[in-house]
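Single-structure report; data block below.
Derivation of every value follows stated rules applied to the coordinates shown; laboratory data play no part. Predicted model, so just to flag it, every value in this text is computed and none were measured. In this analysis, Cβ positions are derived from the backbone assuming ideal geometry, glycine residues included, and neighbour counts consider all displayed protein chains.
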Amino acid sequence: MTFKQAIALPKSNLVLAGVLLMLMGDFMFALNDAMGKWLVTSYSVGQVLFIRSVGAFIILGPMLARQGLAPLAKVDRPGLQFLRVVLATADTALFYAAVVYLPLADVMTFYMAGPIYMAALSHFFLGEKVGWRRWLAIVLGFCGVVIALKPSAASLAWPSLFALVGSLSFAISLILSRKLRTTSDTTLVTWQTIGALAMGVILAVGDWQSASALDWSAMLLLGIVSCAAHLMITRALKLAPASLLAPLQYTLLLWAVVFGVVFFNDFPDTQILVGSAIIVFAGLFIFHRQKVVDKTEPETVSTSVH
């Protein structure tokens, strides 16, 4: 069904289609994350990142052929575009580095705080007014992150810091995406993929391993799955209100727990569960307040392409 055909459907059907696309997109992102964790236990982050980026071009190729290459060279605000690519690449690389050592649910808990960081940073970088209720929710969300981080001399190890810095990079890249909203999705995702490919080459130098046909295919599939998920969420935002779709992103955390238990026998501990519950509550309240003050925009929904 084409988008033109879709807009002829009743509004309730459009909203339902948007919700289903959002749920499917989130499921595919979680599946992508689980596949990535499986692969980085055997191969370097750089190698997985490189082959994954090549796989993404299987979907991006036809889109670029339709759009043409000219928009890639004529982007608005190239400095911000470059910074966004750097942060989005760091987000992905640090995510994979963290899941080498930590359960999926632990890492996803940090990334689910992205909307909370985003709400705080929007006040400073976008000049958006944040009322006292949302500031209270932001502080509560930070408390959830601290609980999940389990701060102590022993626990503040590199994997947790990878997840924390990666989630901050993710949030700032979303802020920049909002500032660059006039740039097409194809252009944004293409440059982001090129950045990940370049980083993969750098990180894979001296740490490249031979792989089976199954593993090569899985690495390529990472790029295909994440790209398809991103496109599903982008289309969902055109069919249903962002205020309805935004809370659905927390299904990523649920899938992370399920996949972690089923595939890796990783059971989240009490502290992670408490921290994630606080983060989810704070995030949902922030989305609610955005709806109340009528400031919810499509870009407030996370479309990470891990």
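Selection of region 101-119 for residues being under 19 Å from L180 (Cα atoms) and among the small types (G, A, S) yields G114, A119. Answer yes or no: is there a residue in region 75-85 that is over 15 Å from the mean Cα position of the chain (by Cα) and on the phi > 0 side of the Ramachandran plot. Yes, because at least one residue in region 75-85 is over 15 Å from the mean Cα position of the chain (by Cα) and on the phi > 0 side of the Ramachandran plot. Considering only residues in region 97-113 that are of a type outside the set (A, V, I, L, M) and in contact with an Asp or Glu (Cβ under 9 Å, 6 or more places away or on another chain), the one that is surrounded by the fewest Cβ atoms within 10 Å (Cβ to Cβ) turns out to be P103.
Got at least one residue in region 116-139 being under 13 Å from L188 (Cα atoms), out of contact with any Asp or Glu (no Cβ under 8 Å at 6 or more places or on another chain), among the aliphatic types (A, V, I, L, M) and in contact (Cβ under 8 Å) with a residue 12 or more places away in the chain? Give the steps one after another, and end with the answer.
Taking region 116-139 as the starting set, the residues that turn out to be under 13 Å from L188 (Cα atoms) are none.
No, because not a single residue in region 116-139 is under 13 Å from L188 (Cα atoms), out of contact with any Asp or Glu (no Cβ under 8 Å at 6 or more places or on another chain), among the aliphatic types (A, V, I, L, M) and in contact (Cβ under 8 Å) with a residue 12 or more places away in the chain.
So which residues in region 160-172 are touching a Gly at 6+ places or on another chain (Cβ under 9 Å) and not hydrophobic (A, V, I, L, M, F, W, C), if there are any at all? Hit for region 160-172 is S167, nothing else. Can you tell which of K129, K150 is on the phi > 0 side of the Ramachandran plot and of a type in the set (D, E, K, R)? Sole residue among the options that is on the phi > 0 side of the Ramachandran plot and of a type in the set (D, E, K, R): K150.
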